[in-house]
Amino acid sequence: MGRPSRMSGWEGWIPQLSAYFFLLILLLRAGEDADTWFHLSAGRWIWTHGEIPWADPFSLVSAYPYLDSHWLFQVLLYPLHRLGGIGLLVLTQAAVFLTAFRVLETSLETKRLGAAWTLLFVLTVISVEQRFLIRPDMATFLFLAIYWRILFSGEPLTERRIALICLCQALWVNMHGLFAIGLVGIFCSIVGGLIEKQSRKKLAALGIGSLIACFITPYGVGLVGYAFKIFGEIGASSDPFMRALTELQSPFTAYRLEPDILVFYSVSALTLVSIALNARKLHIGPALWIVGLAYLSWSARRNAAYFVFLAVPFAAQNLLSYRKNSFPHSKPVSVILAGLIFVGAWFVASGRYYANFGRLAEFGVSRNPFLDPSGALVYAEKANLKGNFFNDYAFGGPIMHRWSPKRKVFVDGRWEVYGMPFLKRYTEVTRSPAALWDAYAREFDFKFAILHSLTPVSSELISYLTRHPDWNLVYADPMASLFAREGKSFTIPAPPIPTAKPSLWTKFWKTPFPIKELAFGRFAYFTGDAPGARAWFKSALRIDPLSPDAHFNLGTLAYQTGDREAALAHYYKALELDATSSSARNAIATVHLSSGKTQEAMVLLRQSTRLDPGDADAWKLLGTARARSGDFTAAIAALKRAVKIDPRNKSFQKDLETVKKLESRTP
């Protein structure tokens, strides 16, 4: 494997310096994600009560015993937030990930790899970027780097290093449920060590010590059991609800063209090639760990980052072992590579990276403006709204942090707290509010609802409640909307008058996300104000001509007025800008079906059902297309999938019965 070595010569350090700069720019991302505020709330609760929670203190409807596997992370996170707010948390996260990448880098002779290592480093950053979150993931990546450096860099296993691994395992087990990955890595190193005839005494100490460390937790055996429960959320044997979640789908089961998935494909291929080239000198320990991580990543997209993070140094070690000489150095290549990396950093800092891939994020160290319901919460406080409330789960954490312990949130992102029956029903209600909302609201006695202006969870509910005679839209801003049974109705503002184009410098540096225009355009559409909605969406395109959401909504407005040509133009543009959009595919297919182009529709709908197997509308449309083509057996199968996903949708059931009758009449 070779001993670590540092790069020398400007042709080595300039590209690598640019790579670290690129990493830093990606790490300096405005604020939190949906779970950050939950972790802060839990940390505050632990500091306030001086104990670890055994029952969920935050939710109105939690149904399962609460096992806080992140308690130590939360205890460390909360005082940092008290000291420096979200900005300090962003900087802390950046420091942790920078350390993790540097520790990982020291396990290699990077000087021999030359510019090739810089390229691999950047690919790793692009893959891991999806997990640059103020969440326990940051600790997991740091521990992965430490374990790889100690166990698989080719240096001898000393008593001090064994003690460090055991200490890290004890910390990890109290910070993140994925500590089991580290335990697997330890035992892979033990297997490899036995094959390579390392000291059995030291290997035994490593195994026993790390096992004991897993039980140094307030929850004892229960926490270890929970860690393995997490892995039951992925794969073919997991619950259909979990399989429908994008981050738990296999990266091979859908048409995914995002940068992290493309990197995953590339690194997977590179890893296989490196194993083939270095088969005779292959070290079993790291190879076993990489195979295990590959299985996890192939089962669920969210695990791909962990695989790439360690597969890159593994592949690099194999290539260095196979090739005795150093990789060639080229000053022109180094200059060009550094220049391209700096351009990539500008692409991120200007916001173009996030905008082009539909990410609700931006460069900075402040709060994430796309996850801030403060306006709606302040309104609810001033209006003295009382009683139970419904909320979009994306807002569960911020609501929890602001209102706990006085008020309990309805739901947040902790799936394990609520259980599959509740989550399935919650999803059904948000997908089919016309059939299910009224009974759901009566059951929980909702007095008001706090919804996200742009998420799929809230979209159908906003549309339904806007037209509901018993619910009023009492507050709306670009991020959050608030519906209540009582209160003065909110008036959607008029669309802005077009102003002068921004300066060249503004266009060069910043790509704003037209969240206000998209949100108010949707509200205008839901209230039946088609001209107002069209004006808002056109305003969004003036701000960001590459907004897939604006094009999609303009396509919908055009289709409703009978202008199929304009509708298709906008829908295809939306699909071009967001190749993963099943909604755009469904919309194009709908237009094709209305024009008699059944085969064209089926091609798109097959892609939609692969992209999002939980999309009932896609299955329904596919069933319709199959029936029109005369394939009633396939049509029935597709419609049954739609009914299974959304069993309370009467139109799906009606279509299924109709096709069954048509099949029975077919000779």
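Which residue, of Phe307, Phe395, is modelled with pLDDT of 85 or more and within 30 Å of Phe58 (Cα to Cα)?
Details: Phe307 fails: within 30 Å of Phe58 (Cα to Cα).
Unique residue meeting the criteria: Phe395.
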Output for the range 43-71, where each listed residue is surrounded by 15 or more Cβ atoms within 10 Å (Cβ to Cβ), closer than 20 Å to Gly222 by Cβ and among the small types (Gly, Ala, Ser): Ser59, Ser62, Ser69
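I need the full set of residues from the range 319-363 which are assigned to a loop (DSSP other than H, G, I, E, B) and assigned by TED's automatic domain parsing to the domain that holds Val273, in order please. Quick ask: steps written out before the conclusion?
Our first condition is that a residue be assigned to a loop (DSSP other than H, G, I, E, B); within the range 319-363, this holds for 323-330, 350-351, 357-362.
Matches in the range 319-363: Arg323, Lys324, Asn325, Ser326, Phe327, Pro328, His329, Ser330.
Would you point out which residue out of Ala269, Ala300, Ala254 is within 30 Å of Arg135 (Cβ to Cβ) and modelled with pLDDT of 90 or more?
On inspection, the qualifying residue turns out to be Ala269.
Given the residues Ala304, Ala316, which is the only one that is in the same structural domain as Ser127 (by TED's automatic domain parsing) and touching a Phe, Trp or Tyr at 6+ places or on another chain (Cβ under 6 Å)? Even if it seems obvious, please write down each step before you answer.
Numbers: Ala316 fails: touching a Phe, Trp or Tyr at 6+ places or on another chain (Cβ under 6 Å).
Unique residue meeting the criteria: Ala304.
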Condition broken by Tyr571, with the remaining ones in (1) within 27 Å of Phe520 (Cβ to Cβ); (2) part of a helix (DSSP H, G or I); (3) modelled with pLDDT under 90 satisfied: (3)
Filter pass, Thr624 being within 33 Å of the chain's Cα centre (by Cα) and over 15 Å from Ser582 (Cα atoms): yes
Members of the range 565-609 that are surrounded by fewer than 16 Cβ atoms within 10 Å (Cβ to Cβ) and among the basic types (Lys, Arg): Lys597
Near pairs, Cβ below 7 angstrom, 6+ apart or cross-chain, from the range 203-226 (under 17 Å from Ile150 (Cα atoms)) to any residue that is surrounded by fewer than 20 Cβ atoms within 10 Å (Cβ to Cβ) and of a type in the set (Phe, Trp, Tyr): Gly207/Phe187
Residue list for the range 340-371, filter: touching a residue at least 24 places away in the same chain (Cβ under 8 Å) and out of contact with any Phe, Trp or Tyr (no Cβ under 9 Å at 6 or more places or on another chain): Phe357, Gly358, Gly364, Val365, Ser366, Arg367, Asn368
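Let's see how each residue does on (1) over 26 Å from Tyr426 (Cβ atoms); (2) without any contact (Cβ under 8 Å) to a residue 60 or more places away in the chain; (3) assigned to a helix (DSSP H, G or I):
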| position | (1), (2), (3) |
| --- | --- |
| Ala42 | no, yes, yes |
| Leu67 | no, no, no |
| Arg82 | yes, yes, yes |
| Leu88 | yes, yes, yes |
| Ala95 | yes, yes, yes |
Subset tally (residues that are farther than 10 Å from Ala311 by Cβ and more than 28 Å from the chain's Cα centre (by Cα)) for the range 268-297: 12
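Residues in the range 415-431: is at least one touching a helix residue (DSSP H, G or I) at 6+ places or on another chain (Cβ under 9 Å) and small (Gly, Ala, Ser)? Don't jump to the end; show me each part of the working.
Restricting attention to the range 415-431, the residues satisfying the condition of being touching a helix residue (DSSP H, G or I) at 6+ places or on another chain (Cβ under 9 Å) are 415-416, 418, 420, 423-431.
Add one more test, that the residue is small (Gly, Ala, Ser), and what stays is none.
For the range 415-431, residues touching a helix residue (DSSP H, G or I) at 6+ places or on another chain (Cβ under 9 Å) and small (Gly, Ala, Ser): absent.
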Scope the range 328-339; condition of a type in the set (Val, Ile, Thr), surrounded by fewer than 16 Cβ atoms within 10 Å (Cβ to Cβ) and in contact (Cβ under 8 Å) with a residue 40 or more places away in the chain; matching residues: Val335
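Is at least one residue of the range 56-63 more than 30 Å from Ser127 (Cβ to Cβ), touching a helix residue (DSSP H, G or I) at 6+ places or on another chain (Cβ under 7 Å), in a loop (DSSP other than H, G, I, E, B) and among the acidic types (Asp, Glu)?
Initially, the range 56-63 is screened for residues more than 30 Å from Ser127 (Cβ to Cβ), giving 56-63.
Next cut, touching a helix residue (DSSP H, G or I) at 6+ places or on another chain (Cβ under 7 Å) only: 56-59, 61-63.
Next cut, in a loop (DSSP other than H, G, I, E, B) only: 56-58, 61-63.
With the extra rule that they be among the acidic types (Asp, Glu), the set shrinks to 56.
Yes, because at least one residue in the range 56-63 is more than 30 Å from Ser127 (Cβ to Cβ), touching a helix residue (DSSP H, G or I) at 6+ places or on another chain (Cβ under 7 Å), in a loop (DSSP other than H, G, I, E, B) and among the acidic types (Asp, Glu).
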Considering residues of the range 48-68 that are of a type in the set (Gly, Ala, Ser) and under 26 Å from the mean Cα position of the chain (by Cα) only, the residue modelled with the lowest pLDDT: Ala63
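Would you check which residues across the range 610-667 are in contact with a Pro (Cβ under 9 Å, 6 or more places away or on another chain) and among the polar types (S, T, N, Q) and list them?
So in the range 610-667, the residues in contact with a Pro (Cβ under 9 Å, 6 or more places away or on another chain) come out as 613-614, 619, 641, 644-645, 653.
Correct list: Gln653 only.
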Among the candidates Leu151, Leu164, Leu144, residue that is of a type in the set (A, V, I, L, M, F, W, C), touching a residue at least 12 places away in the same chain (Cβ under 8 Å) and surrounded by fewer than 22 Cβ atoms within 10 Å (Cβ to Cβ): Leu164
Looking only at the range 110-141, and only at residues there that are surrounded by 21 or more Cβ atoms within 10 Å (Cβ to Cβ), at negative phi and not in a helix (DSSP H, G or I), the one that is nearest to the chain's Cα centre (by Cα): Phe132
Whichever residue in the range 448-478 is touching an Asp or Glu at 6+ places or on another chain (Cβ under 8 Å) and part of a strand (DSSP E or B) and, among such residues, is farthest from Gly397 (Cα to Cα): Asn472
Residue in the range 155-173 that is of a type in the set (D, E, K, R) and more than 27 Å from Glu196 (Cβ to Cβ) present: no
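Being at pLDDT 90 or above and under 17 Å from Ala519 (Cβ atoms) narrows it down to one residue among Pro369, Pro373; which is it? Write out each step before concluding.
Numbers: Pro369 fails: at pLDDT 90 or above.
Selected residue: Pro373, the only one of Pro369, Pro373 that is at pLDDT 90 or above and under 17 Å from Ala519 (Cβ atoms).
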Top-ranked residue in the range 3-23 [being surrounded by fewer than 16 Cβ atoms within 10 Å (Cβ to Cβ) and in contact with a strand residue (DSSP E or B) (Cβ under 8 Å, 6 or more places away or on another chain); ranked as modelled with the highest pLDDT]: Arg3
Qualifying positions in the range 398-440 - out of contact with any Asp or Glu (no Cβ under 7 Å at 6 or more places or on another chain), farther than 16 Å from His39 by Cβ, not basic (Lys, Arg) and not in a helix (DSSP H, G or I): Pro405, Phe410, Val411, Gly419
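Given the options Ala34, Ala100, Ala94, name the one that is within 21 Å of Val308 (Cα to Cα), touching a helix residue (DSSP H, G or I) at 6+ places or on another chain (Cβ under 8 Å) and buried (at least 21 other Cβ atoms within 10 Å of the Cβ). Can you show your working first?
Numbers: Ala34 fails: within 21 Å of Val308 (Cα to Cα); Ala94 fails: buried (at least 21 other Cβ atoms within 10 Å of the Cβ).
Just a single option satisfies the conditions, and that option is Ala100.
Wholly within the range 178-244, which helices (runs of 4 or more DSSP H) include no fewer than the required count, namely at least 2 residues that are modelled with pLDDT under 90?
Details: elements: 179-195, 200-213, 221-231, 240-243.
By residue number, 221-231, 240-243.
The values are calculated or read from the model by the stated rules, or taken from the named source; none is laboratory data. What you see is a predicted model, and the numbers here were worked out from it, not measured in a lab. Ideal geometry is used to build each Cβ from the backbone, glycine not excepted, and the neighbour counts take in all protein chains shown.
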